[in-house]
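Chemist: Let me give you the structure first, and then I'll get to my questions.
The values are calculated or read from the model by the stated rules, or taken from the named source; none is laboratory data. Since the model is a prediction, treat every value here as computed from it, not as a measurement. Note that we place each Cβ from the backbone using ideal geometry, even for glycine, and neighbour counts take in every protein chain shown. The protein model used for the area step is the full one, side chains on, heavy atoms only, and it has no ligands, DNA or RNA in it. Shrake-Rupley method; radii C 1.70, N 1.55, O 1.52, S 1.80 Å.
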Amino acid sequence: MKSQLFRLDFHHSVHFGDGGLMKAKPTLYADTIFSAMCIEALKMGQVYFDRLVQGVRIDQLRLSDGLPYIDGLYYVPKPLIRLELEQQGDSSVKKAVKKLEYIPIQHLEEYIKGNLDVKEQSDYFQDSFGVYCFTEKTSVSETEGSMPYGVASFRYKENSGLYICVQYEAEEDLELAEELLLEVSLAGIGGKKSSGYGRFELRRGKMPAAFEQRLNGIYQKYMTLSIGIPEAAEMSGTLEDAGYRLVRRGGFIDSLTYASTFRKKREVYLMASGSVFSKRFSGELMDVSSGGAHPVYRYGKPVWLGVI
């Protein structure tokens, strides 16, 4: 598959849910991005929605998580593998490794070989990526009067934001993804969109050579750049010698035509980005609806990056 990076430049705060209004995270799961694209596709017409779902289902289109970039550096998740530097050395190195979540793609080889100054990388990332914010707001109702509440958010620093790696088979698949992402940029993504959170400027990014090599090369182990889950038929042998972490995904269905009341999506567990496998899998596009008027899809098809 061919690959294209898209940069999401947020000029205001974002609220990416991590358990209610009082918590926020700075990155996006691929299923959140896919859901936002589905909503915009339906606004544009059923044919756009069908093209998007079918393209993902038959592996003509894949999405990574929304991952960090700082200036010209594209970051990937820390691979879930055991390294020598985690077994030896002083406790400060081990703490820095545990704290480190993302690594510039250009330094992934150094990290795997145990030659990366993880404390320096962690400190730079924390200082340069962005800051958490907390805003006090007031809800006014006729029955309860004024009720204060708080909203946690994240604000990216200058020249920082998120990027998405879109993999595609044909140019029309890329054009569809770009058109839908542009619509998402105008509507916003995440929570509190009505308050102006989550809007961004969409720009194409230049693929670094190190990134392209690891996307297309042959390796012994690969890691996911997006949450995903194998289909039942793919399970055999997939978990052998794998390193992975599970994340629980739920939430409410954002559709006015699904049911007369707000309904929850069926909860599922997916493997987090950064999970490492010897055997790659296609993944699954799941229907997580529960008795409503139409299907509700949960994205679970990973983008793969070579590790070792």
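Chemist: Starting from residues that are open to solvent by less than 10 Å² (accessible area, probe 1.4 Å) and over 16 Å from Tyr222 (Cα atoms), keep the ones in the range 259-297 and report whichever is modelled with the highest pLDDT.
Modeler: That would be Leu270.
Chemist: Related question: What is the one condition in (1) outside any helix (DSSP H, G or I); (2) surrounded by 18 or more Cβ atoms within 10 Å (Cβ to Cβ); (3) at pLDDT 80 or above that Tyr111 does not satisfy?
Modeler: (1)
Chemist: From the list Tyr244, Tyr219, pick out the single residue that is open to solvent by less than 90 Å² (accessible area, probe 1.4 Å) and more than 15 Å from Met286 (Cα to Cα).
Modeler: Numbers: Tyr244 fails: open to solvent by less than 90 Å² (accessible area, probe 1.4 Å).
Testing whether each residue is open to solvent by less than 90 Å² (accessible area, probe 1.4 Å) and more than 15 Å from Met286 (Cα to Cα) leaves just Tyr219.
Chemist: I'd like to verify a number: residues in the range 68-94 that are at pLDDT 90 or above and in contact with a Gly (Cβ under 7 Å, 6 or more places away or on another chain), how many?
Modeler: Going through the range 68-94 one residue at a time, the tally reaches 5.
Chemist: Right, next: Based on this model, can you work out whether Gly191 counts as surrounded by 13 or more Cβ atoms within 10 Å (Cβ to Cβ), assigned to a strand (DSSP E or B), touching a residue at least 24 places away in the same chain (Cβ under 8 Å) and not hydroxyl-bearing (Ser, Thr, Tyr)?
Modeler: So Gly191 does not fit the description; no.
Chemist: Tell me which residues, restricted to the range 39-77, are assigned to a helix (DSSP H, G or I) and among the acidic types (Asp, Glu). Don't jump to the end; show me each part of the working.
Modeler: First, the residues of the range 39-77 that are assigned to a helix (DSSP H, G or I): 39-44, 46-57.
Result: Glu40, Asp50.
Chemist: Say whether the condition of being of a type in the set (Ser, Thr, Tyr), outside any loop (DSSP other than H, G, I, E, B), more than 27 Å from Asp287 (Cα to Cα) and touching a residue at least 24 places away in the same chain (Cβ under 8 Å) is met by at least one residue in the range 157-172.
Modeler: Taking every residue of the range 157-172 in turn, at least one turns out to be of a type in the set (Ser, Thr, Tyr), outside any loop (DSSP other than H, G, I, E, B), more than 27 Å from Asp287 (Cα to Cα) and touching a residue at least 24 places away in the same chain (Cβ under 8 Å).
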